[in-house]
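> If you scroll down you'll find the structure; I have some questions about it.
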Amino acid sequence: MLGEACEGFFGRLENEVFYGEDWSGWSIEEFMSEIDAYIRWYNGHRIKLTLDGMSPVEYRASLGLMAA
């Protein structure tokens, strides 16, 4: 199950960030910063209907699993 979740995340990351972009001329630091920003958005702002319309971070906070 975890493998499927990871596979889904990395597939989405490839489609939304990597494909169709020209990464030539980007430094590794710039590229890593872009990936970091995507991961922060993915966890903190992306709304999921399966989580009652909340982001993953909001959902975990609503369950008391982390500070809001």
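The values are calculated or read from the model by the stated rules, or taken from the named source; none is laboratory data. In this text, all values refer to a predicted model and were calculated from it rather than measured experimentally. Here Cβ is always computed from backbone atoms with ideal geometry, including for glycine, and neighbour counts include all displayed protein chains. To get the accessible areas, we keep the full protein, side chains included, count just its heavy atoms, and leave off ligands, DNA and RNA. Shrake-Rupley method; radii C 1.70, N 1.55, O 1.52, S 1.80 Å.
> Shape call for the chain from the C-alpha gyration tensor, a ≥ b ≥ c root eigenvalues: rounded (a/c under 1.5), prolate (a/b greater than b/c) or oblate?
Prolate, because a/c is 1.5 or more and a/b exceeds b/c.
> Could you check how much of the accessible area of the chain is carbon and sulfur, as a whole percent, using a 1.4 Å probe?
Looking at the chain in its full context, I get 58 percent from C and S.
> Quick one: angle between helix 28-44 and the longest Cα principal axis of the chain, in degrees between 0 and 90, rounded to 10, please.
Approximately 20 degrees, to the nearest 10.
> I'd like to know which of W26, N15, V57 lies farthest towards the positive end of the charge dipole of the chain, counting +1 on Cβ of Lys and Arg and -1 on Cβ of Asp and Glu.
Looking along the dipole axis, the top candidate is V57.
> Turning to a different aspect of this structure: Charges only on Cβ, +1 for Lys and Arg, -1 for Asp and Glu: so what's the dipole of segment 2-64 about the Cα centre, in debye to the nearest 20?
On the way: 5 positive and 12 negative charges, 83 e Å.
Value, rounded to 20: 400 debye.
> Determine, for each peptide in 20-27, 39-46, 55-62, the mean count of other beta carbons within 10 angstrom over its residues, then list the peptides with the highest first.
Result, highest mean Cβ count within 10 Å first: 55-62, 39-46, 20-27.
> Determine the gain in length on full extension of the stretch D52-N15; use 0.36 nm per residue of separation and subtract their C-alpha separation, reporting nm with one decimal.
Details: separation 37, 0.36 × 37 = 13.32 nm, distance 2.46 nm.
So the extension gain works out to 10.9 nm.
> With axes computed from alpha carbons, what is the tilt in degrees of helix 2-13 against the longest principal axis of the chain, rounded to the nearest 10 within 0 to 90?
50 degrees
> Given a 1.4 Å probe, how much area per residue of the chain is accessible, in Å²?
80 Å²
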